[in-house]
Amino acid sequence: MQIKQLRDSIAALAAEKGVSGRPPRILLAAAECAPLAKTGGLADVVGTLPKYLNKLGFDARVMVPYHRVIKDKYGDRVEYLFSFYISMGWRTRFVGVNKLDLDGVTVWLIENEEYFGGPIYMPDREGEQYAYFTRAVLESLFRLDFIPDVIHCNDWHTGMLPLLLKTQYIDSPLGQTKTLLTIHNIAYQGLCKFDFVQDYLSIPDGCLGLMERYGMACFLKAGCVMADRVNTVSPSYAREICTWEYGEGLDGVLSLRGDVCGIVNGIDKTVWRPGTDKRIPANFTASKMNGKAKCKAMLMEETGLEVDLDRPLIGMVTRLVEQKGLELVMAAMDELLWNNDCAFVLLGNGNRKYEDWLRGLESRHPGRACAWIGYDDDLSHHIYAGCDFFLMPSRFEPCGISQLIAMAYGTLPIVRETGGLRDTVQPYNQYTGEGTGFTFSRMDGYDLADAVRRALAAYWDKPAMARLIKQAMAVDYSCDAWGYEYGQLYLSML
Ligand code: ADP
């Protein structure tokens, strides 16, 4: 559907729900928002979705902490609005409210030096940080005179918000506001000392069971129980988290709800489009691919690999954590590099164990393997554009944005069939020629190696490879359709 049709459809739905004469109001509350402060895919969603909601006729705004990184990079564009004090149990805490315009979207920044003057997640005090943030969000909304129809909470950081709203704000102007909780990753649940959270957020005794897990306060559980709707970022992951294997202990609560749905993330084509991307050495499109070879040559040179355009190049851009299936890479990559003519480049940082192993891999395969330890936006663009294949052997993957970006750049994903990877990558069928990438299902290094070998075999079949690249680049995870799906979900709750 064209954007105009989508807009009209949203307007009709809103009118059906009694919202007319004004746009439906949405507040996205989250710990991160790209490009202001980002550690993972959550930030991409929060930074991108409101732009597209507003295009569809919503009034979507964002509230995030005023983190140190934001102050340092964007401070001169931030406007101070007002400040006030809130009670957190017996303590009194300062709340500064600031505003920043991000491509036409209003982003409110909650300021408190004690909580947000340092890292985005303070070791050992994350629970306190985000309990404070949740209270500050609710208290700021009155003072901003912005009463949302829906507050869109994201992950455990704002998981307590539905519980507070429904138990402490029911008689306030926010009493009619609905809440949606999006689970971007169920592995992070915000487990904190129970007594502290009860006291800090003044949770009444009768509500303690709503957040209790193994004697701890679980922010995400509170959201799963109390939000009007819960969704996640792909249909497969929505099913998986209702099972014992992937539910991380919240499968019971989620299955009981019976309404958990999945919406695959869109990618921001103003950032991730090989035809216009200013960060890559040469632009290219599905019909004019010459630029991709130049990107490959530059990437090989930049990362110290032997420049050989015929040699298939496999890339990864990832946080180095267990979720991303690095054990499988460790099991398979040496053998793959020894026995096949291919090269490997990885950009990532995280767990020291993986960083050290990757440095070792680089030294065992000079000119054939590069481990770039760190976080580097520019290099990530170069890898998406310059590689032939993109590896994502995740143990679990709620949605995954990287494989969508890779496909947009004609870099064929090699993925494990889990969560959003299963929903978005169609395995290559060598008999029909259909597919957009290569997949395997078991958590096993041999299976990963087998998928890579299938990809390498396809690489040498030039017509098949060209067709696969075309098909991958044609996959459209546009943000308009994505915004529309969220729009429908919000309105279904009113
Ligand atoms: P997750 O949110 O679990 O980390 P996703 O695939 O959903 O995984 O999103 C990861 C995002 O973060 C992608 O945009 C990816 O390019 C980016 N990213 C991850 N690690 C790095 C890094 N070291 N340098 C630059 N970008 C990175």
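Rule-based calculations on the coordinates, nothing more; no lab input. Computed from a predicted structure; not experimentally measured. Neighbour counts run over all protein chains shown; Cβ positions are idealised from the backbone, glycine included.
Listed values, structure above:
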| item | result |
| --- | --- |
| Pairwise FRET efficiency - Ser87 versus Phe196, Cβ, R0 = 22 Å, nearest 0.05 | 0.90 |
| Computed lengthening from Tyr431 to Arg257, 0.36 nm per intervening residue step minus Cα-Cα distance | 58.4 nm |
| Order of Ile314, Ile267 - criterion: other Cβ atoms within 10 Å of each residue's Cβ, fewest first | Ile267, Ile314 |
| Anisotropy class of segment 303-380 from Cα gyration tensor, a/c 1.5 cut | oblate |
| Those trypsin sites (Lys or Arg not before Pro) in segment 400-493 that DSSP places in a loop and that have at most 13 other beta carbons within 10 Å | Arg442 |
| Packing-based exposure ordering (other Cβ within 10 Å, fewest first) of Glu355, Glu79, Glu335 | Glu79, Glu335, Glu355 |
| Residues in segment 245-275 that a label on Glu212 would reach, taking backbone N under 19 Å of a point 7 Å out along Cα→Cβ | 249-254 |
| Rounded FRET efficiency, nearest 0.05, which uses the C-beta distance separating Val307 from Trp244 and R0 of 41 Å | 0.25 |
| Radius 13 Å from Cβ of Ile314, net charge of other residues (Lys, Arg +1; Asp, Glu -1) | +3 |
| Pairs from Lys193/Lys353; Lys4/Lys288; Lys71/Lys288; Lys278/Lys353; Lys17/Lys278; Lys51/Lys73 whose Cα-Cα separation, in the structure shown, is over 32 Å | Lys71/Lys288; Lys278/Lys353; Lys17/Lys278 |
| Global form of segment 290-474, assessed from the alpha-carbon gyration tensor, a/c cut-off 1.5 | rounded |
| Sequence ranges 219-230, 55-66, ranked by mean other-Cβ count within 10 angstrom, highest first | 219-230, 55-66 |
| Rounded FRET efficiency, nearest 0.05, which uses the C-beta distance separating Asp444 from Ala466 and R0 of 45 Å | 0.90 |
| Chain lengthening between Arg319 and Gln176 when straightened (0.36 nm per residue, less Cα-Cα) | 47.6 nm |
| Neighbourhood net charge (14 Å Cβ-Cβ; Lys/Arg +1, Asp/Glu -1) for Gly118 | -4 |
| Label-to-label distance, nm, for residues given as Lys17 and Ser492 (7 Å Cα→Cβ offset) | 1.1 nm |
| Eligible aspartates and glutamates near Lys55 by straight Cα distance, threshold 13 Å, same-chain separation 8 or greater | Asp8, Asp103, Asp480 |
| Gyration tensor verdict on the chain (Cα atoms; rounded if a/c is under 1.5, prolate if a/b is larger than b/c, oblate otherwise) | prolate |
| Hypothetical label at Ala286: residues of segment 453-494 whose amide nitrogen lies under 17 Å (7 Å Cα-Cβ projection) | 464-481 |
| Cβ-based net charge around Asp228, under 13 Å, with every Lys or Arg adding one and every Asp or Glu removing one | +2 |
| Neighbour-count order for Trp372, Trp90, fewest beta carbons within 10 angstrom listed first | Trp90, Trp372 |
